1. Calculated FRET efficiency, Glu152 and Ala65, Cβ-Cβ r, R0 45 Å, to nearest 0.05?
2. Among Leu176, Val265, Gly204, flag the residue with its Cα farthest along the positive direction of the charge dipole of segment 49-289, charges on Cβ as +1 for Lys/Arg and -1 for Asp/Glu.
3. Rank by packing, highest mean first: peptides 137-147, 98-108, with packing defined as the count of other Cβ atoms within 10 Å averaged across residues.
4. Between Val328 and Arg16, what FRET efficiency comes out of the Förster formula 1/(1 + (r/R0)^6) with R0 = 45 Å and r the beta carbon distance, rounded to 0.05?
5. According to a simple spin-label model (label point 7 Å from Cα along Cα-to-Cβ), what is the distance in nm between Ala44 and Ala272?
6. Just to be sure I understand the model, the point goes 7 Å from the Cα along the line to the Cβ. What's the resulting Glu384 to Ala201 distance in nm?
7. Using alpha-carbon pairs under 8 Å, 6+ residues apart, how would you state the relative contact order of the chain in percent?
8. Using θ = phi - 60° and the Karplus relation 6.51 cos²θ - 1.76 cosθ + 1.60, list the HN-Hα couplings for segment 152-160 in order, rounded to whole Hz, with x at every Gly or Pro.
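Computed from the coordinates by the stated procedures, all read-outs in this text should not be read as laboratory data. What you are looking at is a predicted structure, and each value in this text was computed from that prediction instead of being measured. Cβ placement follows ideal geometry from the backbone for every residue including glycine, while neighbour counts extend to all protein chains displayed.
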Amino acid sequence: MDVVLPSPRLARRVERLRPSAIREMLKVTQDPAIISFGGGLPAAELFPVADVSAAQDRVMRTRGAAALQYSVTDGVLELRTWVAQRLRGQHGIDVTADDIVITGGSQQGLDLFARVFLDPGDVVALENPSYLGAIQAFDAYEPSYLPIASDEHGIIPDELAAAFAGADPLPKFLYLVPNYENPTGRTLAPERRRIIIDVCARFGVPILEDDPYGEIWFDRPPPPPLCAGAARGGVTYLGTGSKMVAPGLRVAWMAIPDRDLRDRVVTAKQGADLHSSTYAQYVFHAYVEDTARLDTHLLRVRAVYRERRDAMVAALGREMPPHVRWNVPDGGMFLWATVGSGIDTEELFERAVADGVVFVPGRPFYPHNDRGDGMRLNFSAMHEDRIAEGIARLARAVRQAGE
Ligand SMILES: Cc1ncc(COP(=O)(O)O)c(C=O)c1O
């Protein structure tokens, strides 16, 4: 006789957890004939495979069993020291190793931050549109969202001040990606950074600054991070090795200048995973400690991504009808296009798949899912000729959709 098991009584919060719309859509794109601007992948051919392999050998020789042992929750001291030095030297952020917590990707940093801040019904302010993975991480803690209008220079400070003035309750924090944002590729203007810091200080709203792309600039480094310009403790800063070196290592960091907040994040992390992989931390450190080698690697990544951005922008200019608009990002991996002509990019997506090209429709990046005219195009993961062919296919799909 078959035993019918009762369905498991899951937590209320799982109702809010949606599989990433991107991953679901991109499942259809495994076919190599399809050109994908949809993923968010760094260029795998640029990964420093031989150097990471040598770093790994060095770690085994010099650290031996210590690299395979349990370790402290906040992270291996050598790596935290390196991170603090880099944040001070490259970004002007006044931190020491004691302010750093190593995480399993910045994605874990987003989860831990939300875990210590959010009760169900709390409010999170964020730029509109925002990184989908952050919305997914926050969703588990059942907040509501206060989207702040943004333009090509990032969050609009007057809109932020007006939103805070009218908010009841005030948001628990403001989340933003100041450099080469995912999904828009936009950079928050330096003068806006100062005003946003002031507005947040005035209302007592802490900032979560997520900066995975800050080192992937093309012509000049981005403006100083908000964390460098704010009063100590006002901003928590997330950085990651994913775009600088390789995402598979899952090595990232939080700089948390507020000591009490840092201790609470460490306690939350202890419950989540005890600590990030000791082995991966040592290997990452053994690779990046030669900063000249790291900087040479970054020069190459920047040069290749810049060429790919240029190839995409040139192809868009050649192929797209006039109602399509796009930006020219100064770094990162994405550009943002709006199609105009009343075309919804979720419908365009179906047509584009049939034409052998995919992108990510913009709607899921808006916390309230209320705009359907945008699309995110990734330019980092593909050679220039494929980019040109893919944009030609996409332009065909756009033309058909507009007919
Ligand atoms: C804005 C943003 N934050 C965080 C992440 C997660 O990065 P990580 O690989 O460090 O978890 C990404 C990845 O694409 C991202 O675009």
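1. 0.30
2. It is Val265.
3. Going from most to least packed, we get 98-108, 137-147.
4. Between Arg16 and Val328 the formula returns 0.80.
5. Those two pseudo-labels are separated by 2.7 nm.
6. Label at Glu384, label at Ala201, 4.6 nm between them.
7. Contact order relative to length: 22 percent.
8. Residue by residue, segment 152-160 yields 5, 9, x, 4, 8, x, 5, 5, 5 Hz.
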